[in-house]
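Here's the structure we're looking at; comments come further down.
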Amino acid sequence: GEEVITKCSTPWNFENLKFKIQQKGSGKPSLCQNCNNNTGNWYGQAYIDVSNTFIKFARDERVQPREGFNLEIPQMRPLEFLKQILSFFSSIQGSPLSKEISDFILKKEATLPDLGGFRVFMYIHVGTLHKQIGPLVEINLTEGISQVSELTSFPFGFVLYYPNSVIPKK
């Protein structure tokens, strides 16, 4: 903590800090070993492929913030990509999101079911900040209160909206 305070100009700048790379994911066990190994083996490469394609494109094309662009991802496996994202959110929550989503993730051959009202949104994240938040409450002044989770790690951020969680504004 002292090193962060004394050496960093901003809380998200870690350039001058010493670190040790550890292969422990986010550092806390949140899925059983079997689920973690299966989801990583089945879906991890699809996520890595999309991430690496985007990173290479962004660097080669020098993409600027708030600038539109077109990106083709050859051989993209969107179902595996989505399953990996949903497994990330299950891990953040520390429990299954729902039985339907668990079955969807843990049955490799499963196709996209009705997600029961869960909605996943993706955005581009170019900073060094990594965060895992959830579930929490979002207050929207026009729509009301929703339960959400968020996962942000370069190059993407994801927000998961929980079903039936909107409490309408009065």
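Within the stretch 146-162, restricting attention to residues that are over 13 Å from LEU86 (Cβ atoms) and polar (S, T, N, Q), the residue that is modelled with the highest pLDDT is THR152.
Here CYS35 fulfils each of the conditions (1) in contact (Cβ under 8 Å) with a residue 12 or more places away in the chain; (2) touching a Phe, Trp or Tyr at 6+ places or on another chain (Cβ under 8 Å) apart from (2).
Pick from the stretch 120-134 the residues that are without any contact (Cβ under 8 Å) to a residue 40 or more places away in the chain and of a type outside the set (Lys, Arg): which of them is least open to solvent (accessible area, probe 1.4 Å)? Ranking the candidates gives HIS125 first. In the stretch 92-112, the residues that are under 15 Å from ARG77 (Cβ atoms) form Cβ pairs under 9 Å with partners that are of a type in the set (Gly, Ala, Ser) and surrounded by fewer than 16 Cβ atoms within 10 Å (Cβ to Cβ), at six or more places apart or across chains, as follows: PHE104/ALA110. Residue count for the stretch 92-119, restricted to those that are open to solvent by less than 50 Å² (accessible area, probe 1.4 Å), of a type in the set (A, V, I, L, M), touching a helix residue (DSSP H, G or I) at 6+ places or on another chain (Cβ under 8 Å) and not in a loop (DSSP other than H, G, I, E, B): 2. A residue that is under 21 Å from SER149 (Cα atoms), surrounded by 15 or more Cβ atoms within 10 Å (Cβ to Cβ), modelled with pLDDT of 80 or more and within 16 Å of the chain's Cα centre (by Cα) occurs somewhere in the stretch 50-71.
The values are calculated or read from the model by the stated rules, or taken from the named source; none is laboratory data. Here the structure is a predicted model, which means the values were calculated and not measured. Positions of Cβ are backbone-derived with ideal geometry, glycine not excepted, and every protein chain shown enters the neighbour counts. Only protein heavy atoms, including side chains, enter the accessible area calculation; ligands, DNA and RNA are left aside. Shrake-Rupley method; radii C 1.70, N 1.55, O 1.52, S 1.80 Å.
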